[in-house]
Structures are given as structure tokens and as C-alpha cells.
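**Student:** One structure is given below, represented as C-alpha cells, and several questions about it will come after.
The values are calculated or read from the model by the stated rules, or taken from the named source; none is laboratory data. As the structure is a computational prediction, the values presented were derived from the model and not from experiment. Cβ atoms come from the backbone with ideal geometry, glycine included; neighbour counts cover every protein chain shown.
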Amino acid sequence: MAEKLEELESFVIPGKIDIPNTYFAGLAGSRFLIELRDNRRIMGIKCPACNWVYVPPRSTCKVCFSKLEDWVEVSDKGTLLTCAIAYQPSPVQPVEPPIAYGIVHLDGADSGFVHLLGEVDFDQLRIGMRVQAVFKEERAGSILDIKYFKPLG
Ligand SMILES: [Zn+2]
């Protein structure tokens, strides 16, 4: 078999697949998105064994595998852990570039929350800066119901 494969010419067919789809956000993801949409609240879920607060929430602790059901509201304010700027367009980006992304450690959470950064000159971005969520007026049950995080003060 290996000999026959070696005799074959490599042949590659370029292609593009667009696959529109919908999927269930899960119990934890559904409650998280509903709270964003209806109440402008960012909800986390706390591990009863580790006390780790996950945002976005998940149904199982990734450290100890405990079932997670203890919902806690976390702050809409946090600290920027890191950031990056995208200058190239991509179909997966929610807005036109250039775009600043950040990982925010929300007050009351233990995990990083990835989101867009806005209302800031990119050269003013600093690790450790305080930021706050800006919610859209019209919300649809999407992570983008938070428009972006802007610098505090
Ligand atoms: Zn745990």
C-alpha cells in the first residue's frame, strides 16, 4: 500500500465551504446570554469545591470536574489582562478592522473574559488598565450584547 501511495501524484482541490447553522448554547450558556439580553448582568458560575468563578459560565469545573450550578453576578468592571489588535479583515470578526481584543479579568470572576475593546486609542491600551462593559441598547441574546469594554475613568 505504501508503495502505491508513493506512486500517486499529490492532488489538492481548493474549495470553500460556508455552513450556516444554529446550535443550542447549553443550559449555562443560555442563562448567561439571557441575563445579558434582559438584565445587562454578567453572570458567572462558581465551583463548590474550588470556589473558582467562571465567566462565561460552564456546566462542569475544568479543574475538579464538579457539576456547576451556583450562579453569581460578577461586576461589569474589570482589569485588562492582555490585548491584541487585528488589522486584517476576517469573516469571523464582528466589526471591521482595525479591532482591539482583550482578555478582561472581571471583578468577582477568576477566569479571563475575551471581548472587544472600544472608546480607546490603541496606543493607550495598557495591561492592568481598568475597563467597563458597554452594553448595546438593543440586545438580542448574544455575546455582542456587550458592545465592548471601554477604559474606566
Ligand atoms: Zn472545581
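**Student:** Which one is nearest to the ligand (Cβ to nearest atom), of the residues in region 63-117 that are small (Gly, Ala, Ser) and farther than 20 Å from Leu144 by Cα?
**Tutor:** To start, the set of residues in region 63-117 that are small (Gly, Ala, Ser) comprises 66, 75, 78, 84, 86, 90, 100, 102, 108-109, 111-112.
Then drop every residue that is not farther than 20 Å from Leu144 by Cα, which leaves 66, 108.
On the way: Ser66: 5, Gly108: 17 Å.
Across region 63-117, the extreme among qualifying residues is Ser66.
**Student:** What are the residues in region 48-103 that are of a type in the set (Gly, Ala, Ser), under 30 Å from Asp121 (Cβ atoms) and touching a strand residue (DSSP E or B) at 6+ places or on another chain (Cβ under 8 Å), if any? Spell out the reasoning first.
**Tutor:** Going residue by residue through region 48-103, those that are of a type in the set (Gly, Ala, Ser) are 49, 59, 66, 75, 78, 84, 86, 90, 100, 102.
Remaining after also requiring under 30 Å from Asp121 (Cβ atoms): 75, 78, 84, 86, 90, 100, 102.
Result: Ser75, Gly78, Ala84, Ala86, Ala100, Gly102.
**Student:** Can you confirm whether Ser66 is free of Cβ contacts under 8 Å to residues at least 12 places away in the same chain and of a type in the set (Ser, Thr, Tyr)?
**Tutor:** For Ser66, the condition - free of Cβ contacts under 8 Å to residues at least 12 places away in the same chain and of a type in the set (Ser, Thr, Tyr) - is not met.
**Student:** Now a separate question. Quick one: Gln93 ticks every box in (1) of a type in the set (S, T, N, Q); (2) at pLDDT 95 or above; (3) in a loop (DSSP other than H, G, I, E, B) except a single one, so which number is it?
**Tutor:** If we test Gln93 against (1) of a type in the set (S, T, N, Q); (2) at pLDDT 95 or above; (3) in a loop (DSSP other than H, G, I, E, B), just (2) comes out false.
**Student:** How many residues does region 112-153 hold that are more than 11 Å from the chain's Cα centre (by Cα), touching a residue at least 24 places away in the same chain (Cβ under 8 Å) and part of a loop (DSSP other than H, G, I, E, B)?
**Tutor:** 12
**Student:** Just the residues that are of a type outside the set (S, T, N, Q) and out of contact with any Gly (no Cβ under 9 Å at 6 or more places or on another chain), please, taken from region 81-94.
**Tutor:** Result: Ile85, Ala86, Tyr87, Pro89, Pro91, Val92, Pro94.
**Student:** Hey, another quick one. Filter region 6-45 down to the residues that are surrounded by fewer than 16 Cβ atoms within 10 Å (Cβ to Cβ) and among the acidic types (Asp, Glu) and list them by number.
**Tutor:** Glu6, Glu7, Glu9, Asp18, Asp38
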